[in-house]
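The values are calculated or read from the model by the stated rules, or taken from the named source; none is laboratory data. These numbers come from a predicted model, not from an experiment. Using ideal geometry, Cβ is built from the backbone for each residue, glycine included, and neighbour counts are taken over all protein chains shown.
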Amino acid sequence: MSSEITLVKSAWLDDWYCIVWASHGGRVCDADVEGTSAEMAGIAKALETGEPARHERCAVVRAGLGWDIWSPRNSEKPGRITKKQAAHLAVEIRRVIDVE
């Protein structure tokens with residue numbers, strides 16, 4: 001099973017994206033981590049620079065050897081991803097929102 005994370009565009013809303021596990025499309029934490037293309041670009045930048053990012057429904061912060069990822073609005077606890085997964089996610093976000 002793939003441990004990669006990707007970004008998918010909403011089928012119902014314009015300019016709305018969700019971060020999911022690439023292998024099965026499931027949540028990366030206990031709630032949907034979602035937001036606009038601008039917010040996702042902010043998440044990608046944070047993952048690239050090591051700085052935290054926080055928006056209404058998507059956030060990341062360095063935690064130990066990896067990153068915590070969550071929805072500040074809806075999560076009770078963050079999901080944890082590795083540095084490798086975070087680097088891959090940053091590339092995926094740039095790929096998906098640049099296609100738009």
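Only one entry of 80, 73 meets the criterion of being part of a loop (DSSP other than H, G, I, E, B), without any contact (Cβ under 8 Å) to a residue 60 or more places away in the chain and in contact with an Asp or Glu (Cβ under 7 Å, 6 or more places away or on another chain), and that entry is 73. Note on the range 17-31: residues that are within 23 Å of residue 98 (Cβ to Cβ) and in a strand (DSSP E or B) amount to 5.
Considering only residues that are surrounded by fewer than 18 Cβ atoms within 10 Å (Cβ to Cβ) and in contact with a strand residue (DSSP E or B) (Cβ under 6 Å, 6 or more places away or on another chain), which ones fall in the range 51-82? Before the answer, list the steps.
From the range 51-82, those surrounded by fewer than 18 Cβ atoms within 10 Å (Cβ to Cβ) are 51-52, 54, 56, 61-66, 72-74, 76-77, 80, 82; that's our starting set.
If the condition is that a residue be surrounded by fewer than 18 Cβ atoms within 10 Å (Cβ to Cβ) and in contact with a strand residue (DSSP E or B) (Cβ under 6 Å, 6 or more places away or on another chain), then 52, 61, 66, 72, 80, 82 are the ones that fit.
For the range 32-50, the tally of residues that are in contact with a strand residue (DSSP E or B) (Cβ under 7 Å, 6 or more places away or on another chain), surrounded by fewer than 20 Cβ atoms within 10 Å (Cβ to Cβ) and not in a helix (DSSP H, G or I) stands at 2.
The number of residues in the range 10-27 that are within 14 Å of the chain's Cα centre (by Cα), among the aliphatic types (A, V, I, L, M) and either modelled with pLDDT of 95 or more or exposed (fewer than 11 other Cβ atoms within 10 Å of the Cβ) (or both) comes to 2. Condition (residue is hydrophobic (A, V, I, L, M, F, W, C), in contact (Cβ under 8 Å) with a residue 24 or more places away in the chain, in a loop (DSSP other than H, G, I, E, B) and closer than 16 Å to residue 9 by Cα) applied to the range 53-63: is it met by at least one residue? The answer is yes; a qualifying residue exists. Report yes if residue 90 is buried (at least 16 other Cβ atoms within 10 Å of the Cβ), assigned to a helix (DSSP H, G or I) and touching a Pro at 6+ places or on another chain (Cβ under 7 Å), otherwise no. No; evaluated as a whole, the condition is false for this residue.
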